[in-house]
Amino acid sequence: MRRPRVLLWSAAGAVTLAFLVALEIAARHYGLPGPVTTQVQELVVAPQSGFLLYASMGLMMVVLTWRQRLIALGVALGIDAVIALIRLVADAPVTDGHPFGTGALWVIVGVTVIALTRRTGPERMLLLKGVGLGLLLVAGRKTGDTWLLITSKTRPLVLDQYLANADRAFGNPSWAVGRLVEATGPAGDFFLDSIYTQLPVAAVCVAVYQLRHVARDRVFPGHHLVRTFLVIGLVGPAIYMIFPVVGPIFAFGSDGGHWAMADLWPDAAVPVGTPHHMPFDEITPRNCMPSLHTAWATAIYIHSRRGPKFLRYAGTFWLVATLAATLGFGYHYGADLVAGVVFTLTLEVGVRAFDRGWDRSAVLLVVHGTVVFSVLLVAYRYLSLEMAHYPWLYGPLFLLAMGSVIYGYVRIVRRWEPKAAPLAQLEPQPGMA
């Protein structure tokens, strides 16, 4: 049993390394540094997201004892303090990125060195798994940035006109929520932007709760949020390449500049008309279909359900706020969100089944979710005019299709998850009052 598991980890590591190298080469082809280069640079320069690096370190620390965690945190903060002092003395303020986070990355590297040079056997493997977990979160962000670059360079035509038509079946939610967010002013904009950009940090909070016993038990649970999170990030960009969309604020709003079809979002809906592929710039990512922010927020919500009340409330809040931000900032259409929910639940069941074993219900739900997701994409592309003209038919129909996947997911998860054993009732004894 041990040898197949080692081979599986080795194969996964080789595939990951090959994938990163391929993305690095692709980014270099377009004259930009790839994910490996940008990550190595952050050992010295100000990181793009200090919060993400500290969250990654927090994820790595699930394999450490409390004493080791305090030492690691102290070292990370100390390194960041020294770097901040050097920048102050050298009069070199941070103009791009965050002034902290480098220390957390150095601690992750340091734990890697300790695992390779000072630990052996299962202890080494556990430390390396913790390091890998933390680095995968960072690498996911870097590879995502590279993927977005590739979509903008290789997909000159976008399908936003099709989705603008299709979105009428869902009531043009981006336009409606966009006006609401606009009415809240800078305060609402800042609040939702904080939620939107710090989604990985929310994911780490849930993942740390799920992995809280790793240091004690010296073994990882079979399934946790990070696995689903990474699979979503790996598969999602492939759909971007198939169905390139830039979003309403770019295609029909002020952020699109002269590339925009019109400056309508969020004040007026796009008139229904025969849709066409429209050219767009080589900068804006084609990252709408499906909405991966919706997918990730849905995964956070799902995995927070078995936590304490506070975590459940936080998961619900993050899902609602993320949906409001994706629509209210004009980054997504309602059609993207519907596809994102179906996409997530299908992958979640697949990832869980990979761990616990495939059964008939898992296979059927994955097939059902895949079919529903494919039908949504085909309808958005080839039936968008019909969706705009008959919203009372197509809107409820596709929402019902999404609901069928949700219903199937809830049923199968209830069957899989162990039920708490009822408390034994004491029989009254003779002579007892």
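The values are calculated or read from the model by the stated rules, or taken from the named source; none is laboratory data. These numbers come from a predicted model, not from an experiment. Quick reminder, even Gly has a Cβ in these numbers, built from the backbone with ideal geometry, and neighbours come from all protein chains shown. Heavy atoms of the whole protein, side chains included, go into the accessibility calculation; ligands, DNA and RNA do not. Shrake-Rupley method; radii C 1.70, N 1.55, O 1.52, S 1.80 Å.
The table for this structure:
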{"quantity": "Residue-level accessible surface for His293, protein heavy atoms, 1.4 Å, Å²", "calculated": "40"}
{"quantity": "Carbon plus sulfur fraction of accessible area for the chain, probe 1.4 Å, in percent", "calculated": "69"}
{"quantity": "Helical segments meeting 27 Å axial Cα length and Kyte-Doolittle -1.0 threshold in the chain (DSSP H)", "calculated": "2-29, 66-89, 121-154, 309-328, 334-356, 360-382, 391-416"}
{"quantity": "Candidates Ala401, Ala166, Ala187: whichever shows maximal mean-square fluctuation once the chain is modelled as a Gaussian network with Cα springs under 10 Å", "calculated": "Ala187"}
{"quantity": "Directionally averaged projected area (convex hull, Cα atoms, the chain), nm²", "calculated": "28.8"}
{"quantity": "For Val158, distant residues with modelled amide H under 5 Å away", "calculated": "Met278, Phe280"}
{"quantity": "Local electrostatic count at Pro237 - Lys and Arg +1, Asp and Glu -1, tallied over other residues with Cβ under 12 Å", "calculated": "+1"}
{"quantity": "Part-to-part distance (alpha-carbon centres) for segment 251-272 and segment 101-130, which is given in Å", "calculated": "50"}
{"quantity": "Probe 1.4 Å, all protein chains present, accessible-area order of Lys142, Lys129, largest first", "calculated": "Lys129, Lys142"}
{"quantity": "Alpha-carbon centroid distance for the pair segment 370-385 / segment 143-184, whole angstrom", "calculated": "16"}
{"quantity": "Residues of the chain: accessible area per residue with a 1.4 Å probe, Å²", "calculated": "51"}
{"quantity": "Charge context of Asn172, other residues only, Cβ under 14 angstrom, K/R +1, D/E -1", "calculated": "-2"}
{"quantity": "Summed side-chain charge close to Tyr333 - residues other than Tyr333 whose Cβ falls under 11 Å, Lys, Arg +1, Asp, Glu -1", "calculated": "-2"}
{"quantity": "Reachable aspartates and glutamates, given that their alpha-carbon falls under 12 Å from the alpha-carbon of Lys153 and they are not under 8 places away in the same chain", "calculated": "Asp281, Glu282"}
{"quantity": "Centroid-to-centroid separation of segment 21-73 and segment 302-344 [C-alpha atoms, Å]", "calculated": "26"}
{"quantity": "Set of segment 232-246 residues, backbone N closer than 19 Å to the point 7 Å along the Cα-Cβ line of Leu32", "calculated": "233-246"}
{"quantity": "Shape of segment 192-238, Cα gyration tensor, a/c cut at 1.5", "calculated": "oblate"}
{"quantity": "Pair Asp193, Met241: separation of 7 Å Cα→Cβ label points (nm)", "calculated": "3.3"}
